[in-house]
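Remarks on the structure that follows.
The values are calculated or read from the model by the stated rules, or taken from the named source; none is laboratory data. Note that the structure is predicted; figures quoted are calculated from it, not measured. Methodologically, a virtual Cβ is constructed for each residue, glycine included, from the backbone with ideal geometry; neighbour enumeration extends over all protein chains shown.
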Amino acid sequence: MPHASTRKSKLSKPTASAQNILDSIEDLVAEGYRKNSAEITELIKCLAVDDKFLDLYFRTVVGQAHLIDMIGAQCFFAHASKSYFARLNFWLPESTRRLPVGDRFDQYFSIGILHNHAFDFFTVGLLGPGYRSTFFKYNGTIANHEEGDVLPLEREEDFFLDKGSARFVPKSSVFHIQFEPTQYSLSLNIIPRKFDDVGAADLSQLIVDPTNLTVVRKFYPELLDNRASSGA
């Protein structure tokens, strides 16, 4: 693997700066994020050490009043490179159900919703106990499903995205349900700008009824907002 010795030295130094870690992720994603997925997953764990990414984010983004970079109900556009962009996710605890947020809570935070994604991404817990996800595996080759189809899903495992935990989530074939954390939590997603060859054609996202595994909604989410697309 090219430049393996250089990347290994950075992996062995969790005290490296957040910017150095982000630069190393850039090299790995550009070279091929699927073949380097294990290395990237280990590397992004270093961003949680000493809250180094949060320190970088609040000094460079919040400190410059870039809070307009919010790209969703819980997401902030946090970093961009040539090969990927990063979004910071805020997770509210279960106790916030007492607040007058209405029916939008589950929709905005994808709570209790069985779904897949239209893009590959890496995720790491940065703060708090993190949310719990129940993961489901698609048995067989992913097909072009429509609303009403029953999916061949098999429950796989529960995973807690607590501080320092990280995971690669492939597009299309991996489904999960998210549950609120017990306390406020933050996570970071690393999203490649261009897909590796596997499953690149299908850009749809599916919402599935967990009781009968039937597709209840199919849509095509916008992957990048204008700032991320332009590399801003």
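Brief remarks on what is shown
Each row is one residue, and each column tells you yes or no for (1) under 18 Å from residue 171 (Cβ atoms); (2) surrounded by fewer than 13 Cβ atoms within 10 Å (Cβ to Cβ); (3) modelled with pLDDT of 95 or more.
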residue: 1; (1), (2), (3): no, yes, no
residue: 4; (1), (2), (3): no, yes, no
residue: 9; (1), (2), (3): no, yes, no
residue: 15; (1), (2), (3): no, yes, no
residue: 21; (1), (2), (3): no, no, no
residue: 35; (1), (2), (3): yes, yes, no
residue: 40; (1), (2), (3): yes, no, yes
residue: 43; (1), (2), (3): no, no, no
residue: 48; (1), (2), (3): no, no, no
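- Among the residues of the stretch 151-170, the ones that are part of a loop (DSSP other than H, G, I, E, B), of a type outside the set (Ser, Thr, Tyr) and in contact with a strand residue (DSSP E or B) (Cβ under 8 Å, 6 or more places away or on another chain) come to 5 in all.
- If only residues of the stretch 120-164 that are at pLDDT 90 or above and among the hydroxyl-bearing types (Ser, Thr, Tyr) are counted, the one that is farthest from residue 181 (Cα to Cα) is 138.
- Residue that is aromatic (Phe, Trp, Tyr) and crowded, with 19+ Cβ neighbours inside 10 Å, where the choices are 175, 168, 160: 175
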